[in-house]
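Right, one structure below, let's go through it.
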Amino acid sequence: MQTTYLRNSKSQLIAMIQIDSNGIKRLRDTKGTLLGWYDPSIDKTISARTGNWVGLGDTLLTLL
């Protein structure tokens, strides 16, 4: 699993994106809470809070 850390201009951590071997990207906040994921097989971003898709394509950052 590959992890990318998202930081603001002051180098403070604001979120993490984890990419599985099958290409699914999971967005987590600084506490590790899952905010949502992007599934490339269906090309949709899904909110972990509601379980509904929030956009077509990789729109994970809209969940921040």
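Checking Gly36, Gly32, Gly23 one by one, the residue that is closer than 19 Å to Trp53 by Cα, assigned to a loop (DSSP other than H, G, I, E, B) and either without any contact (Cβ under 8 Å) to a residue 40 or more places away in the chain or open to solvent by less than 60 Å² (accessible area, probe 1.4 Å) (or both) is Gly23 and no other. Scanning the stretch 1-41 for residues that are aromatic (Phe, Trp, Tyr) and farther than 11 Å from Leu61 by Cα returns a single hit, Tyr5.
I'm trying to understand the selection: among the residues of the stretch 39-60, which are touching a residue at least 12 places away in the same chain (Cβ under 8 Å) and either outside any strand (DSSP E or B) or β-branched (Val, Ile, Thr) (or both)?
Within the stretch 39-60, Pro40, Ser41, Asp43, Thr45, Ala48, Arg49, Val54, Gly57, Asp58, Thr59, Leu60 qualify.
The values are calculated or read from the model by the stated rules, or taken from the named source; none is laboratory data. None of the values given here were measured: they were computed from a predicted structure. Using ideal geometry, Cβ is built from the backbone for each residue, glycine included, and neighbour counts are taken over all protein chains shown. Accessible surface areas use protein heavy atoms only, side chains included; no ligands, DNA or RNA. Shrake-Rupley method; radii C 1.70, N 1.55, O 1.52, S 1.80 Å.
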